Structures are given as structure tokens and as C-alpha cells.
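Data first, discussion second: the structure below is written as C-alpha cells.
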Amino acid sequence: MAHFDVVLLTDSRYVNPVSPGEYVQNILTEDQIVKDALEGEGLRVERKDWADPDFDWGSTKAVLFRTNWDYFDRFSEFKRWVNSTSLKTKFINTIDLITWNVDKHYLANLSSENIRIVPTRYIPRGSLLTLEELHDLTGWEATVIKPTIGGAARHTYSITPENLHTISNKLSGVMQKEDFMLQPFQYSIPERGELSLMVFGNQFSHAVLKKAKEGDFRVQDDYGGTVHEHHASDEEIAFALKVVGACPEEPAYARIDLLLDNDGELAVSELELIEPELWFRHNPKAASLLAKEVIKRLD
């Protein structure tokens, strides 16, 4: 018999931090909100580092991906862990959704389902085309480049004609080993910010607006970005629900990142189904929606 109903996944940095600053404290606060909501539904809940070598993953009915935010730095190890652990317990979201969402080629899948995305040119690892040639081919002058597997703005750069050669040299080694993607720079990001809408099952919960610090384009708080409450419009909510409906299956939780593209239309910048920050501290009641989705999947 399983000892736990749900294990919340984190990484070793956030298991028992000695003196957490504000960033880590937010992580602990949010995980506690989720744990309380799950336990409020009568579930037995534990919180573990995904790479804990001593934990028996067969001792839990399900694993809920939460704050395992080192996985993209240890991707080969994480991939092995996913493949082996998925044979021992249930994943929420499912392994099929995780496998689909972990690589940003999923944006092309969304586009084929008539979801508006930021225009994207994929660059396979070892491509013989230089960044200079790609800019000539696309006609894009100002762009953003990032790996198709990654997070926290790892290897993410804003490219202009002035720094194109420098960035090309900086990324030449890693682009031999990883797939990348190139997108035209979206001017609404520094001007207006990026929206994140949270959806549980097929129900919209809440939204936030993420803003980059002055002079930057990265909205992550790692780079000085800030988070603000946002009252989503009917159009934004309908768009987010349409994105969720285009997924291979209905996720228990989803974060849909939206922006106004360079034509002034709503577009998806990213869809997060693995371990997104969901800002429960802005709306603690949303954790009960997640708990109900977890229970559905346990049943």
C-alpha cells in the first residue's frame, strides 16, 4: 500500500533551506498552500527533491511537479528519472504532456491547431546556417534566441544588428549541442509586459502581469522582473482556454503566457505544463481548484 497519495516535487535547494531569502520563501509559501489544499481534501502529502536517491517513488500514488527548477540544467539526468519513475507512479501532469511540453517545438503544434503564436524559426543543433544568414533569410532585425529546452532565460539573448556577431560567437559552441529557436523581438514585452493566466482543468483561475526591469526584456524575477495582479479580460480568458483545448489532453494545471504581438494581436509566448510558477500567493483559493483536479486523476 502506498504511504502517500501525492508527493510534491521540488529540488534540493528548496527542501530544507537554512535561511531562505524572499525568493525561496515564496517557493516555500506556495508549496505549503498547495500541500494544505491537498491535505484539506484528505490526501496524504509529502514534499521531496526529485533527485532524492533514497526515496522510493513507488510509495506514492502520484507525483505533482511543482518547483523542480534545476531540471533543465540536469536534463539528461532528469530525462532518465522521468522514464524510470513514470513506471512506478502516476505523474501530474501526465508523462505524455510532460514529454510534449518540455521541448518548445510544441509551439509549432499549437500553431497547427490555429493558435496564434509568436513567429518562430527553429534551429536544429549543428545547423550549417549561421545566425547572420538566418537573420537575412527571415528579414528579422531585432530578435530573441533561446534553447528549445530550458527555463529561467538560460542562453536567452536579445539580438540586434549591433550585437549579432557577438551573440553568434557566444552561442556557437552550445548551438552544436542543443536545438534553438529564433523569434522576432516583441516590443510589447518591455512596453507592457507579459501576461500569465492560470487554468486548472478547463477552469480559468487568476492572472498576473510580469514586467521586465527598465532596460531589460526578461520578465523573470531572476533578472529583476516584477509581478503584478491582473484582471484578465474575457478575450484573454477565452484565448487561454482555447490554448488549453489545443493540448494533446486536458492538463490538471496550465500556465498560459500571452503577449500582444508586433501586429497588436494576442499570441502565446509560452505554455507551461511541467513545473510553472502559479502564483498561489496572489490567489490561495486557486489551490483548491488544483486539488480537485489532482483527485480526479487519482481516481
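The values are calculated or read from the model by the stated rules, or taken from the named source; none is laboratory data. Bear in mind the structure is a predicted one, so any value in this text is a computation, not a measurement. Ideal geometry is used to build each Cβ from the backbone, glycine not excepted, and the neighbour counts take in all protein chains shown.
Consider Ala240 carefully, then state whether it is of a type in the set (Gly, Ala, Ser), in a helix (DSSP H, G or I) and surrounded by 15 or more Cβ atoms within 10 Å (Cβ to Cβ). Even if it seems obvious, please write down each step before you answer.
Details: of a type in the set (Gly, Ala, Ser): yes; in a helix (DSSP H, G or I): yes; surrounded by 15 or more Cβ atoms within 10 Å (Cβ to Cβ): yes.
When the stated conditions are applied, Ala240 passes them.
Select from segment 271-285 the residues that are surrounded by fewer than 20 Cβ atoms within 10 Å (Cβ to Cβ) and either out of contact with any strand residue (DSSP E or B) (no Cβ under 9 Å at 6 or more places or on another chain) or part of a strand (DSSP E or B) (or both) and list them in ascending order.
Passing the criteria: Glu272, Arg281, Pro284.
Could you count how many residues in segment 120-149 are in contact with an Asp or Glu (Cβ under 8 Å, 6 or more places away or on another chain) and not basic (Lys, Arg)?
Final tally of qualifying residues: 7.
Determine, yes or no, whether Trp81 is of a type outside the set (Lys, Arg) and in contact with an Asp or Glu (Cβ under 7 Å, 6 or more places away or on another chain).
So Trp81 does not fit the description; no.
Of everything in segment 106-125 that's in a loop (DSSP other than H, G, I, E, B) and not β-branched (Val, Ile, Thr), which residue is farthest from Glu235 (Cα to Cα)? Outline the logic, then answer.
Of segment 106-125, the ones in a loop (DSSP other than H, G, I, E, B) are 113-116, 118-120, 124-125.
Keeping just the survivors that are not β-branched (Val, Ile, Thr) gives 113-114, 116, 119, 124-125.
Working: Glu113: 18, Asn114: 16, Arg116: 13, Pro119: 21, Pro124: 35, Arg125: 37 Å.
Selected residue: Arg125.
Would you mind finding the one in Leu137, Leu97 that is in contact with a Cys (Cβ under 8 Å, 6 or more places away or on another chain) and assigned to a helix (DSSP H, G or I)?
Leu97
If Ser76 satisfies all but one of (1) of a type outside the set (Lys, Arg); (2) in contact with a strand residue (DSSP E or B) (Cβ under 8 Å, 6 or more places away or on another chain); (3) modelled with pLDDT under 95, what's the number of the condition it fails?
For Ser76, the failing item is (2).
Of everything in segment 74-112 that's within 23 Å of Pro53 (Cα to Cα) and aromatic (Phe, Trp, Tyr), which residue is surrounded by the most Cβ atoms within 10 Å (Cβ to Cβ)?
Looking at the filtered set, the residue picked out is Phe91.
Please indicate, with yes or no, whether at least one residue in segment 104-111 is of a type in the set (S, T, N, Q) and at pLDDT below 95.
No, there is no match, as no residue in segment 104-111 is of a type in the set (S, T, N, Q) and at pLDDT below 95.
When segment 29-68 is examined, which residues are found to be crowded, with 17+ Cβ neighbours inside 10 Å and not in a strand (DSSP E or B)?
Glu30, Asp31, Ile33, Val34, Lys35, Ala37, Leu38, Leu43, Trp50, Trp57, Asn68, listed by residue number.
Tell me, yes or no, whether segment 120-130 has at least one residue that is crowded, with 19+ Cβ neighbours inside 10 Å, farther than 17 Å from Thr148 by Cα, of a type outside the set (D, E, K, R) and outside the structural domain of Ala267 (by TED's automatic domain parsing). Steps first, please.
The initial filter retains those residues of segment 120-130 that are crowded, with 19+ Cβ neighbours inside 10 Å, namely 123.
From what's left, farther than 17 Å from Thr148 by Cα: none.
The answer is no; no qualifying residue exists.
Taking the condition surrounded by 14 or more Cβ atoms within 10 Å (Cβ to Cβ) and modelled with pLDDT of 95 or more, does Val24 pass?
Here the answer is no, as Val24 does not meet what is asked.
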